[in-house]
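The values are calculated or read from the model by the stated rules, or taken from the named source; none is laboratory data. Model, not experiment: these values are computed from the prediction. Every residue, glycine as well, gets a Cβ built from its backbone with ideal geometry; the counts of neighbours run over all protein chains shown. Keep in mind that these areas ignore ligands, DNA and RNA; they rest on the heavy atoms of the full protein, side chains included. Shrake-Rupley method; radii C 1.70, N 1.55, O 1.52, S 1.80 Å.
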Amino acid sequence: MITKEFFIIGQSDQAIYYYKKAQENLNEKENKVYEAKINIIYELFQKTPEESVNKCRSYIHYLFEQNDADSVRDLALIISQYYEARSYFQESLEFSNHAILAERKMKQLEGV
């Protein structure tokens, strides 16, 4: 997701441009999983933690329901680090736990 990478390196204008392009594409071709992923990134980097936490929870839950454990792990770690850096430690721990659960689920599916 190029949107994620631009937000992470601090190029918000570029990130928003690609977010809007992705939304236009999603209007033509529905893909709820991808939509959840980019919405997590948008909410996280464009809203305050108070505004974004419930949306992030909801999207992570949706990705779990869709068995996208790999994305849950990756995105939950990003969310956790973001909240930790802003001293939202309870939320950070919550998303770290989501990442751990996703990792366990992936290992279980691999038979490890």
Assess whether VAL72 counts as being under 21 Å from ILE16 (Cβ atoms), among the β-branched types (Val, Ile, Thr), open to solvent by less than 20 Å² (accessible area, probe 1.4 Å) and modelled with pLDDT of 95 or more. no
Single condition SER87 does not satisfy, out of (1) at pLDDT 95 or above; (2) assigned to a helix (DSSP H, G or I); (3) open to solvent by 40 Å² or more (accessible area, probe 1.4 Å); (4) of a type outside the set (Lys, Arg): (2)
For the stretch 1-31, which positions are closer than 24 Å to ARG57 by Cβ and surrounded by fewer than 12 Cβ atoms within 10 Å (Cβ to Cβ)? GLU30
Read through the list (1) modelled with pLDDT of 95 or more; (2) among the aromatic types (Phe, Trp, Tyr); (3) over 9 Å from the mean Cα position of the chain (by Cα), then give the number of the only condition that TYR34 fails. (1)
The number of residues in the stretch 43-63 that are open to solvent by 60 Å² or more (accessible area, probe 1.4 Å), over 12 Å from ALA76 (Cβ atoms) and either among the acidic types (Asp, Glu) or in a helix (DSSP H, G or I) (or both) is 7
